[in-house]
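The values are calculated or read from the model by the stated rules, or taken from the named source; none is laboratory data. Because the structure is predicted, anything quoted here is derived from the model rather than measured. Neighbour counts run over all protein chains shown; Cβ positions are idealised from the backbone, glycine included.
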């Protein structure tokens with residue numbers, strides 16, 4: 001059974017995580033001919049249990065269809081004007097979502113934005129460190145993934161290396177979604193060739209290019225991988241910083257209009273006693289080199305599948 005209703009979104013930005021999907025979302029939601037869902041990552045097609053702050057104590061039921069009402073999802077788009085869209089940065093990666101997208105969104109278009117997989121993996125890692133979900137070093141986290149045995153929760157949030165095997169994910173996605181309903185954007189190409197890339201996206205979504213050309217190319221969601229300075233040894237000071245953070249975060253949640261505003265407020269008001277984890281804990285260059293070697297055949301396969309030149313995704 002398929003579903004075709006008036007409120008089916010015209011397009012979804014489906015990922016990949018830490019590849020620029022939030023930047024693209026922020027750009028498109030300012031277009032006068034596009035109505036974007038206000039919540040930047042509305043993960044309707046992925047199990048709710050996976051988004052718990054900590055790992056669920058029980059395994060997932062997997063009976064997703066019986067627990068949702070698709071009409072609730074469609075109603076989200078009722079009051080949006082023009083070409084309607086939504087972002088879900090995990091939908092491309094999470095395989096179970098593919099059949100759901102095909103079943104419930106039979107005419108929706110999909111936009112996939114990809115980034116140098118090594119830089120994407122590092123960015124995701126530091127973002128998880130900042131969120132407090134990742135406790136291991138980057139080399140340890142990569143080794144945990146190689147060793148296998150990850151839970152579903154870990155696969156969604158803490159699987160860094162495998163997410164960058166874009167060719168494998170693309171093959172799985174295209175088993176359910178026709179190729180003509182998918183547009184692939186490469187983040188590096190977007191910033192290097194702004195006007196033609198924006199025009200290509202606008203043409204695909206059937207909206208005016210003139211309106212979008214006025215927008216600035218900005219990175220909307222750079223990971224703020226800040227941690228309490230490890231050199232602070234006083235438990236009193238550490239607890240004081242944590243208390244301040246909790247109060248500041250609650251206030252930000254109340255006053256911030258959207259995800260970008262939250263990010264700006266946190267950058268401004270939640271830096272007390274903090275340092276950049278990226279600067280304090282340097283990434284081992286050998287790990288980066290090994291990742292570039294690992295991704296080389298996957299990048300070549302992706303070039304063959306898409307015809308996109310990915311020569312910029314090579315170690316220098």
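Got at least one residue in region 309-316 being assigned to a loop (DSSP other than H, G, I, E, B), over 24 Å from the mean Cα position of the chain (by Cα) and not assigned by TED's automatic domain parsing to the domain that holds residue 232?
So the first thing to find is which residues in region 309-316 are assigned to a loop (DSSP other than H, G, I, E, B), and the list is 309-316.
From the residues that got through so far, the ones that are over 24 Å from the mean Cα position of the chain (by Cα) too are 316.
Those left that are additionally not assigned by TED's automatic domain parsing to the domain that holds residue 232: 316.
Checking region 309-316: at least one residue is assigned to a loop (DSSP other than H, G, I, E, B), over 24 Å from the mean Cα position of the chain (by Cα) and not assigned by TED's automatic domain parsing to the domain that holds residue 232.
Determine, yes or no, whether residue 81 is part of a loop (DSSP other than H, G, I, E, B) and surrounded by fewer than 21 Cβ atoms within 10 Å (Cβ to Cβ).
For residue 81, the condition - part of a loop (DSSP other than H, G, I, E, B) and surrounded by fewer than 21 Cβ atoms within 10 Å (Cβ to Cβ) - is met.
Collect the residues in region 259-285 that are surrounded by 14 or more Cβ atoms within 10 Å (Cβ to Cβ) and not in a helix (DSSP H, G or I), keeping them in residue-number order.
270, 273, 274, 275, 276, 281, 283
From (1) surrounded by 21 or more Cβ atoms within 10 Å (Cβ to Cβ); (2) in contact with a helix residue (DSSP H, G or I) (Cβ under 6 Å, 6 or more places away or on another chain), pick out the condition that doesn't hold for residue 122.
(2)
Can we say residue 236 is farther than 26 Å from residue 24 by Cα, assigned to a helix (DSSP H, G or I) and under 23 Å from the mean Cα position of the chain (by Cα)?
In short, no.
Would a scan of region 289-303 turn up a residue that is touching a residue at least 24 places away in the same chain (Cβ under 8 Å), over 21 Å from the mean Cα position of the chain (by Cα) and either on the phi > 0 side of the Ramachandran plot or exposed (fewer than 12 other Cβ atoms within 10 Å of the Cβ) (or both)?
No: zero hits.
Looking at region 197-204, can you tell me whether even one residue there is in contact with a strand residue (DSSP E or B) (Cβ under 9 Å, 6 or more places away or on another chain), in a helix (DSSP H, G or I), within 15 Å of residue 83 (Cβ to Cβ) and modelled with pLDDT of 90 or more?
First, the residues of region 197-204 that are in contact with a strand residue (DSSP E or B) (Cβ under 9 Å, 6 or more places away or on another chain): 197, 200-201, 204.
Filter once more, so that each one left must be in a helix (DSSP H, G or I): 197, 200-201, 204.
Checking the rest, the ones that are also within 15 Å of residue 83 (Cβ to Cβ) come to 201, 204.
When the remaining residues are screened for being modelled with pLDDT of 90 or more, the result is 201, 204.
Yes, region 197-204 has at least one match.
Just to be sure, is residue 133 under 22 Å from residue 297 (Cα atoms) and in the same structural domain as residue 112 (by TED's automatic domain parsing)?
The answer is no for residue 133.
If you check residue 16 against the conditions, is it in a loop (DSSP other than H, G, I, E, B) and surrounded by fewer than 20 Cβ atoms within 10 Å (Cβ to Cβ)?
No, not satisfied.
Rundown of residues vs (1) out of contact with any strand residue (DSSP E or B) (no Cβ under 7 Å at 6 or more places or on another chain); (2) loosely packed, with under 13 Cβ neighbours inside 10 Å; (3) not assigned by TED's automatic domain parsing to the domain that holds residue 49, yes/no style:
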site: 140; (1), (2), (3): yes, yes, no
site: 143; (1), (2), (3): yes, no, no
site: 146; (1), (2), (3): yes, yes, no
site: 149; (1), (2), (3): yes, yes, no
site: 160; (1), (2), (3): yes, no, no
site: 178; (1), (2), (3): yes, yes, no
site: 183; (1), (2), (3): no, no, no
site: 190; (1), (2), (3): yes, no, no
site: 193; (1), (2), (3): yes, no, no
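For region 80-96, does any single residue satisfy the condition of being under 20 Å from residue 282 (Cβ atoms) and either in contact (Cβ under 8 Å) with a residue 24 or more places away in the chain or touching a helix residue (DSSP H, G or I) at 6+ places or on another chain (Cβ under 7 Å) (or both)?
So the first thing to find is which residues in region 80-96 are under 20 Å from residue 282 (Cβ atoms), and the list is none.
The answer is no; no qualifying residue exists.
Which residues, taken from region 125-138, are in a helix (DSSP H, G or I) and surrounded by 17 or more Cβ atoms within 10 Å (Cβ to Cβ)?
Of everything in region 125-138, those that are in a helix (DSSP H, G or I) and surrounded by 17 or more Cβ atoms within 10 Å (Cβ to Cβ) turn out to be 125, 126, 127, 128, 129, 130, 138.
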